[in-house]
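Student: Structure in structure tokens, see below.
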Amino acid sequence: MSERVIGILGVGHLAGFLLEGLRSGGRQDRVVLSPRGKAKAAALAERFAAEVAPDNQAVIDACDVILVSLPAASGRGILSDLKFRAGQTVLSAMAGTSSEELLEIVTPASAHCTMMPGYANALGIGPSLLYPANEVCEELLGRLGPVHIFEDKGAFEAACVFGAFSGASFVFMQRIVAWFEAQGVPADVARNLVAETLRGNAEVVRTIDQPLDSIVEGIATAGGITWQCVDALDGEGALASWSGALDAVNARMKRGMD
Ligand SMILES: NC(=O)c1ccc[n+]([C@@H]2O[C@H](COP(=O)([O-])OP(=O)(O)OC[C@H]3O[C@@H](n4cnc5c(N)ncnc54)[C@H](OP(=O)(O)O)[C@@H]3O)[C@@H](O)[C@H]2O)c1
């Protein structure tokens with residue numbers, strides 16, 4: 001069991017998911033939370049046996065590893081007011097902050113960036129990205145799901161766009177569930193049906209060693225309902241618009257979340 005002290009700066013939605021995932025398997029590391037949003041910090045501290053620090057600097061002073069889940073737009077400014085020390089590891093989940101920017105702010109601590117879906121990480125099944133590689137970060141992220149370590153900064157930054165894809169997939173499910181419900185399918189059946197379908201199909205994509213083109217060919221009967229659905233979506237520009245939406249998110253993250 002690790003003796004390290006873990007700090008979390010920015011105690012909002014993601015921090016709740018992180019705490020739940022980090023505590024999986026009964027892990028007992030000392031965890032120190034930043035105090036802003038007192039009610040939320042206190043509730044999470046009680047639920048996950050963590051402490052609430054008096055201020056942000058007290059989190060840094062008490063911890064070996066600091067997870068940063070501050071707001072993407074203001075996080076860099078908030079970190080700039082804090083003093084880090086050599087030997088500390090800072091892991092930022094903030095969208096749009098590059099590892100170079102982070103290192104400049106937190107030096108002499110080491111700086112690493114991640115991206116993750118959030119909610120699935122609380123269940124220990126959400127993938128996360130890590131750049132650059134670091135054993136401490138890898139161990140912590142490994143408690144939250146599979147970890148993909150990047151050596152190439154450009155590929156890492158492009159992969160981070162999956163955070164938006166992940167969130168959008170919930171909205172996609174929400175819309176499809178609502179459509180089934182509107183046709184009279186009971187709400188619980190509609191919800192399970194959509195989730196089970198995507199879960200099963202995702203497992204095919206994840207585990208079957210076959211090119212995606214060939215999987216698609218195998219599941220779509222010529223002239224059948226899959227092609228009808230895909231053609232209708234394509235005719236509305238719905239499929240092409242995914243690329244455009246991801247391009248736009250990528251561009252915004254590169255600009256630093258203005
Ligand atoms: N939500 C996710 O699933 C998810 C997934 C991947 C990455 N992320 C990234 O994680 C970050 C946080 O996202 P979130 O959804 O958790 O946002 P959130 O719920 O708004 O949480 C951010 C927290 O930071 C606090 N905060 C603001 N200013 C602060 C300061 N000066 N000192 C200390 N704490 C401060 C906020 O407190 P107040 O409420 O008092 O302002 C809030 O509790 C973002 O950068 C986002 O890109 C989120």
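What follows is calculated from the coordinates using simple rules that are stated; it is not laboratory data. Bear in mind the structure is a predicted one, so any value in this text is a computation, not a measurement. Here the Cβ is made from the backbone with ideal geometry for all residues, glycine too, and neighbour counts use every protein chain on show.
Student: For the ranges 237-249, 33-45, 205-217, what's the packing order if you count other beta-carbon atoms within 10 Å of each residue, average per peptide, and put the highest first?
Tutor: So the peptides 237-249, 33-45, 205-217, ranked by packing, come out 33-45, 237-249, 205-217.
Student: Which of the peptides 121-131, 14-24 is most tightly packed, and how do the rest follow, judged by the mean count of other Cβ atoms within 10 Å per residue?
Tutor: Sorting 121-131, 14-24 by mean packing, highest first, produces 14-24, 121-131.
Student: Please report the antiparallel percentage of DSSP beta bridges with both residues in the chain, rounded to the nearest 5.
Tutor: Close to 10 percent.
Student: Compute a Gaussian network model of the chain, connecting alpha carbons closer than 10 Å, and tell me which residue from Val136, Val65, Val189 fluctuates the most.
Tutor: Per the Cα network of the chain with a 10 Å cutoff, Val189 tops the list.
Student: If you don't mind, there's one more thing I want to ask. Quick check on segment 6-151: of the DSSP beta bridges with both residues there, what percent are antiparallel, nearest 5%?
Tutor: Values: 3 of 23 bridges.
Once the DSSP bridges in segment 6-151 are tallied, antiparallel ones form about 15 percent.
Student: Compute the FRET efficiency between Val216 and Glu151 as 1/(1 + (r/R0)^6), taking r as their Cβ-Cβ distance and R0 = 45 Å, and round to the nearest 0.05.
Tutor: Calculated value: 0.90.
Student: Extending each Cα 7 Å along its Cβ direction at Ile208 and Arg4, get the distance between those two points in nm, one decimal.
Tutor: 3.9
Student: Apply the Karplus curve 6.51 cos²θ - 1.76 cosθ + 1.60, θ = phi - 60°, to the phi angles in segment 100-115 and return the couplings in whole Hz, x for Gly and Pro.
Tutor: 5, 4, 5, 4, 4, 7, 9, 3, x, 6, 8, 10, 9, 10, 9, 8
Student: Thinking of segment 12-155 as a set of Cα atoms, what percent of all their pairs are more than 24 Å apart? Each step should come with its number before you reach the end.
Tutor: Values: 2552 of 10296 pairs.
Above the 24 Å cut-off, segment 12-155 has 25 percent of its Cα pairs.
Student: Quick one: what does P(r) look like for the chain with 5 Å bins over all Cα pairs, in whole %?
Tutor: With 5 Å bins starting at 0, P(r) equals 1, 6, 11, 15, 17, 15, 11, 9, 7, 5, 3, 1, 0.
Student: Same structure again: Report the gain in length on full extension from Ala245 to Ile176: 0.36 nm times residue separation, minus Cα-Cα distance, nm rounded to one decimal.
Tutor: Net length gain for the segment: 22.9 nm.
Student: Any idea what Rg and Dmax come out to for segment 172-258 if you just take the C-alpha atoms, in Å?
Tutor: Expressed in Å, the Cα Rg and Dmax of segment 172-258 come to 16.4, 46.
Student: Taking the chain as a Gaussian network, Cα atoms linked when under 10 Å apart, which of Arg191, Arg76, Arg27 shows the biggest mean-square fluctuation?
Tutor: Per the Cα network of the chain with a 10 Å cutoff, Arg191 tops the list.
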